[in-house]
Structure formats: structure tokens, C-alpha cells
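*Asks:* My structure is below; once you've seen it, I'll send some questions.
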Amino acid sequence: MVRKKAVVALVLLAASSGPALSQTHVRESLTTFLQDDEKIASLLKGVAVMKSRDDAPKDSAEYRTSWEYWAAIHGYAGPETRTIESFKELLAQRAPDVAPFLSSFFTGLADNTPPDALAEEVWATCQHGTDQFLAWHRMYLYFFERVLRAASGDETFALPYWDYTNPGSPGDEPWRMPALFVVSQLQGETGPVPNPLFEPRRTAGFGSTVELDTAQTDIDPILALDDFLDFQSTLDGTVHGYVHCATGNGCLAPRMGIVPFAGADPIFWHHHSNVDRIWSCWLDRHGADTLSPADSDWMKTTFAFVDETGARVEMAVSELFDPKGRIDYRYDAVDAAACFRDPPQVLVAAAGSRNAAGSGAGSAAAAEPAASPRVLARDIRLVERSTVVPMAAAGAANPAAAGEARAVGPRRTVLRLNDVQAEGQPGATIAVELVSAADGRRARVGTIAFFALESHEGGHAHGGMSRSYAFELTGALGDLGVSSPTDVTVVLRAESFLPTVVAAGPATPPAAAAVDADAVAAALGDLDAEAFGRLRTEAEGAALDSVAAAGAPPPGTEAVTAADDLFRSANITVREIVLDVRE
């Protein structure tokens, strides 16, 4: 991806101009949202109504406001993109031992084709691995929220975010999928009601016995990055991708784990609402900046969608930051206390340097001086569970610089993994860790995930299979109590999803969620029995039956072996690892 420093300037200048429009809608965390029965009822009704429109005539405005249509805007399987059969064939080639089990998640799904010219224009337009990842998804959420709000009949509705980056407190576990999304049925006033938020094609046991790893959802090092393109690329390929893979069968099977199917899982929207909130957190911290000139081409980029009436609409990136534009929402909290797990560290920096205290104004001319980036390693192939890269190489070429870093203590230190490529989905994440040479203590600085790798073909806008990542090390070095980056070793450690995905077997939903039956019944009462039945389609039932029929998954040791084989076959390479220390 071509780096455009000027992109940073325009984003930050626009963000500093103040909140957009009247911001009458407040997006709050699911933890808070789910304490309000009326809000729950609005969400349930909105999703139910949109799903009931899936059977509308394909060329109608009604269909353009359906659940299926909006999922297809993110991506769809079919002859124009990639067929379901080709996904299954690839599984059989790369993971033969577990392919029958994983392929069962495709049962009941069908290839799709854009029904008209408008669908051809707006379907499968999502951005991953490009400089428009955050902007496109912000627009996508905005217009989806309008459609969902209209379907709910609640003009105050705002899309809540899944606050999994919050470490939580006793009795509060935001990293665990809320029970409302896990149960297949809700207890209504007249009996069980199919739950429109339930999706059977998630990682087995997710929300009950399986949950997100809080070590992999820590965004503090990402929020500390002061370059927009670094921040965006790293967020895209780390926490964002990890949640997709963790909930979506290791990114080896539908739904959340594969782009053409991800948008059909209701949790997708709350996940991306959080990703969008993280961007707002970053802007709140880094927005007061006066870098110039601005990159007008980036801001002028437009994307097309449909609105709540089914009519075509488009939006330019610049409107996302226009206080007189259409964006009419804000998040409940985006300050440092709400976004970081630990308070940002006050950095030692030259007088007048940009972000000397973590935020604030500066100029390109006054930016803190940077030492020349130091290449630690080149052309690394990740074939084993752990790959060790000594940091000592950073000081070997310039001993004086290493001594200088040791004398003044931690400053802004960034580890860059440039041009990370994979030939296929590894079914694993890569933990990026620092290990103290003195006592062996470890500190994780990030997690590389590989969402969207299997869906880059067929013209889908995912920027190929190469990604670059930046990891802020300053806080981790302080946590380890080391005075120089040369006092640690970098470890790239594979963490496979496969044993978890296959060990649990078919999902067994827990007891019904505690939802006010009267509120749900009131919200959903205007849907007839036939519409209710469509909420849990025959396809979903067939998928559950197929998973059960697939038989017992491989035993634990076989699953580990399959995971190792799958990881090696992905042929993951890193062109170079670079240490960038601002002195």
C-alpha cells in the first residue's frame, strides 16, 4: 500500500473541526444497551423485519432494504466473485483432515448473483487492506443503521457496539458474546420465538464455552500509533481480523470468518460498530494536528450504497468529517479513559515535537527527530510455531545509537513488519511478543490475523495478500523494565484456531436469554407466523443438522497436527522487520 502522509493531515484537520451535524443518535456499548428492554425490542424487530424482506422481489426497493441485500454489499459468493464450491474445494486441498467438518458450515448456503445494475454497483464493494478500510465501513454502517432504524420503527435507534476491547470487571464480561446473540429462540408471550440475532454458523460454543481472548483485543498499542495509515492498516489486520476469525471458525468457514458471508451474522454489525468507535477514539487522541498539504484525492473518493427507501445514494469520504454533513451519530465515550485499558504514557520528547505528551498540535517541521530505521531481519518464512528475531541487530550497526537509547530510556519505539504475505488462510493468528533477555518475561504488543485472505480473488477490493503492520513498543518496554529495545527479543508465535474450532463440536445453545417477553412480543407482534418462520430458515436448520451429521471432530492430537500442517501450507513470509526509534 502506498503511504500518503498527507492523508493523515486531512483526516486530522477535519476531525479537529468538531462533531458532525446534530448527533442526535448515540451509539453505546452492548453492555449498556442490553440493560434497556425497549432498545432490545427495537433491535430484534429491526433485524426481524429486514430478514423477512429477503423473499421480496429481487428487483424491488423492498429487497434493497433486506438483510440479504445488505450482507451482499459487504460480499457475496457467486460466479462473479467466488463460488461456494470453490471454497469447499480449497478446504479439501489445504485441510483434508478437517475439511468434511468445516465444509458442513456451507450447507444451506447458496451462490448469489446481483439482480440488477444497482446491485452490480454496490455489492461486494467492501474495503480491506486499502487506505479506505475505515472510511468505507463507516459509510456502510451509517446507511445500514438508517435502514435498520426504519425497519425497527424506532426513530431513536442507534447501533450499539460490542465493547470487547474493554477488559471488563467482576460480573461484566464484554469479551464474551452476549447471550442474546447465542440462543436460538426467545421466550415470547405465546411461546418460543425464533431469535433473529442467532446465527448457527459461528465457532462452536462461542458465547458459552468459547470467548474472545482479551490479550488479543488490547488496542492500547494501536491507539498509540500517531500515523493514520499505520493505525488503519494495523487495526484492519489485527483486532478487526482476529474477532472475525475467532467468531467465524478460524476464518476457514462461514459466516464471520469469510468475507462473502460475514455480513449475514448479526454480530458483524456490532463488531464493526466497535471498529468504527476505535477510529473515533484514535481521532480524539490524535486529531489536533496541522500537518499539510491535504490529500484531496483521498477525501474526494466516493462510494455508492442504498438508503432506507431502497434508493441509490453515494457519499464522499470528506463528508464523514463535515460538521454540516449527513453523519448524525456519536459514540457514548471516546476519551482516553474509555478507550485505553491503561492511561497513555507521557513520552520523553524534544521541545515542540508533535504529540510530545501523546496528543496536541505541532508541525511537520517541528516533528521529533527520528533515527534511521534499522532492519532486524529480511525474508523470514514462518513455518514453525515460534520464530525468534533478536533485537540486538538493531544496535549492531550503530552502537552509539543503542547506547543513546539506553541512556535516555524508552521513547517512541515502533516495530514494523513490512509486506507480510500468505498463500492461503493459516487458520491461526501470529502473536507478536517481546521477551526480556534478562529474565524471560513476555509482553504481547499485537496479534496478526488473516481475515479476507481467501476472498481477494474475483475483483474483490482487498488489496492483494500483502499487509504491513506497525506495533508501538514504548509501553511494553516500560512494562518489562528494560532501558533499550536491544534488551529484548521479538518472538512471532502462531496460535491456531483449529483445535478450538473442531474440539467443541456442534454448538449447543445455552438457556434462553433473559429478555422481557412483553417488550419483545410488542415489538414483533406485527409480523405474522410465516414471517417468524423465515427468521430461522430451512437453510439454517439444514446447516445445524449437517454439522451434527459430520460426526466427531478429530481428537485433540490430530487437530494439533492438522493445525501445524495448515499453518505451514499457508507459506507466510515477512519481507522485512524494522525497528523505528524516535530519539
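The values are calculated or read from the model by the stated rules, or taken from the named source; none is laboratory data. Since the structure is predicted, the reported quantities are computational estimates derived from the model, not experimental observations. Cβ atoms come from the backbone with ideal geometry, glycine included; neighbour counts cover every protein chain shown. Please note that ligands, DNA and RNA were not included when accessible areas were found on the heavy atoms of the full protein model with its side chains. Shrake-Rupley method; radii C 1.70, N 1.55, O 1.52, S 1.80 Å.
*Asks:* Compute the length gained on full extension between Gln93 and Asn571: take 0.36 nm times their separation in residues and subtract their Cα-Cα distance, giving the result in nm to one decimal.
*Replies:* In short, 170.6 nm is gained.
*Asks:* So, one more: Using the Cα gyration tensor of the range 93-252, with a ≥ b ≥ c the square roots of its eigenvalues, what is the shape: rounded (a/c below 1.5), prolate (a/b larger than b/c) or oblate (neither)? Could the numbers behind the result be given before it?
*Replies:* On the way: a/c = 1.15, a/b = 1.09, b/c = 1.05.
Taking the square roots of the gyration eigenvalues as a ≥ b ≥ c, the range 93-252 is rounded.
*Asks:* Now for a separate question. Can you order the peptides 100-108, 328-336, 194-202 by their average number of other Cβ atoms within 10 Å per residue, highest first?
*Replies:* 194-202, 100-108, 328-336
*Asks:* Quick one: accessible surface of Glu121, probe radius 1.4 Å, all protein chains present, in square angstrom to the nearest 10.
*Replies:* 80 Å²
*Asks:* Arrange the residues Lys51, Lys39 by how much accessible surface each exposes, largest first, with a 1.4 angstrom probe.
*Replies:* Numbers: Lys51 20, Lys39 70 Å².
Result of the area sort, largest leading: Lys39, Lys51.
*Asks:* Rg and Dmax in Å for the range 33-108, alpha carbons only: what are they?
*Replies:* 17.4, 49
*Asks:* Extending each Cα 7 Å along its Cβ direction at Asp379 and Glu62, get the distance between those two points in nm, one decimal.
*Replies:* Taking the simple label geometry, Asp379 and Glu62 are separated by 6.2 nm.
*Asks:* In sequence order, what are the phi-derived ³J(HN,Hα) couplings for the range 26-38 according to the Karplus relation 6.51 cos²θ - 1.76 cosθ + 1.60 with θ = phi - 60°, rounded to whole Hz, with x for glycine and proline?
*Replies:* Here the 3J(HN,Hα) series is 10, 7, 10, 5, 4, 4, 7, 4, 6, 8, 10, 4, 5 Hz.
*Asks:* So for the pair Asp419, Thr561, with labels modelled 7 Å out along Cα→Cβ, what separation do we get in nm?
*Replies:* 3.7 nm
*Asks:* Given H placed 1.01 Å from N in the peptide plane, which residues other than close sequence neighbours of Tyr331 have an amide H under 5 Å from its amide H?
*Replies:* Arg27
*Asks:* I would also like to ask the following. Please give the contour-minus-distance gain from Ala337 to Thr24: 0.36 nm per residue of separation, less the Cα-Cα distance, rounded to one decimal in nm.
*Replies:* Once the chain is fully extended between Ala337 and Thr24, it gains 110.4 nm.
*Asks:* Further, regarding this structure: Can you work out the Karplus-derived ³J(HN,Hα) for every residue in the range 213-222? Use 6.51 cos²θ - 1.76 cosθ + 1.60 with θ = phi - 60°, whole Hz, and x for glycine or proline.
*Replies:* Residue by residue, the range 213-222 yields 8, 4, 5, 9, 10, 7, 9, 3, x, 6 Hz.
*Asks:* What are the residues whose amide H is under 5 Å from the amide H of Leu186, where those residues sit 5 or more places off or on another chain and H is modelled from the backbone?
*Replies:* Val193, Asn195
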